[in-house]
Amino acid sequence: MTTPTRLIFLPGVGGNPAFWQPAANAIALPAERVLLGWPWFGVASAADMPPDAAGSMQDLVDAVTPHMDQPCALIAQSMGGVVAVLAALQRPEHLTHLVLVATSGGVPIDDLRPHDWRADFIRSNPAFPQWMAHERWDLARQLASLSAPALLLWGDADPISPVAVGERLQGLLPHAPLHVLPGGAHDMAQMHASAVAAHITRHLLAGGAPLPPSTPPPLRGHAGAA
């Protein structure tokens, strides 16, 4: 089994790269930290968006996969979990672990009646790309092909991604224990950073997916925020 030498953190729809900072700092593993964000974070209006900003979900995936060039773990929250699953499906060769927190993971969940955040978020964030609000994915059949062990973390006080969503993903992923944090809401990765980090640390140290024999020996880095 392989321990990751790089931890790649993906935020939710807000896109703040610092969202994962408290938990990333608390994970007890000597691996490089890469905290990614989305291009609309901090942008005041659609007119201020950079011309090369993401125009599709694939553009977000393409921002992640270049970092997956050594034994790595993808750790993702909410919408970032969809990006993580797509990246894992497209670039599985160095992926040792997957951590999904309060996310659909790209499977249909409308029948589970989650709270629809889109209208309120778009009103408060005029730079948010309209295409994102209408994206729908159905990756359910592809999840069984993910060999990297997954960890599912949910809160029991999250109307946006209720525990039933985590239970659905658990039934579709081949190796995916589900842990429910009492009192955890949609931002539990920040508000319960220590507990979330403890679960992630145990998951990463428990062993990951074996890499192909041709993979070079892992590089050992030191913890630090990117």
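FYI, it's all coordinate maths here, none of it is from the lab. Everything numeric here is computed off the predicted structure, so don't read it as measured data. Cβ: placed from backbone, ideal geometry, glycine included. Neighbour counts: every protein chain shown.
Just a few scattered comments:
- Here, P(r) means the percent of Cα pairs in each 10 Å bin from 0 to the largest distance; for segment 150-193 it is 32, 53, 15.
- For residue 181, distant residues with modelled amide H under 5 Å away: 154, 155, 156
- The ellipsoid equivalent to the alpha-carbon distribution of segment 67-137 has semi-axes of 26, 14, 10 angstrom, derived from the gyration tensor eigenvalues as √(5λ) and listed largest first.
- Placed amide H near residue 5: partners under 5 Å, 5+ positions off or other chain: 72
- Take 105-112, 143-150 and order them by the average number of nearby Cβ atoms within 10 Å per residue, most first; the result is 143-150, 105-112.
- Using the Karplus relation 6.51 cos²θ - 1.76 cosθ + 1.60 with θ = phi - 60°, the per-residue 3J(HN,Hα) values for segment 55-61 come to x, 6, 5, 4, 4, 5, 4 Hz, with x marking Gly and Pro.
- Between residue 121 and residue 206, the FRET efficiency estimated from the beta carbon spacing at R0 = 35 angstrom works out to 0.50.
- Among 194-201, 3-10, the order from most to least packed when residues are scored by Cβ within 10 Å on average: 3-10, 194-201
- Shape call, segment 6-205: gyration tensor on alpha carbons, a/c limit 1.5: rounded
- For segment 148-156, Karplus couplings with θ = phi - 60° (6.51, -1.76, 1.60), whole Hz, Gly/Pro x: 5, x, 10, 10, 10, 10, 9, x, 8
- Cβ crowding within 10 Å averaged over residues, with 161-169, 28-36 ranked highest first: 161-169, 28-36
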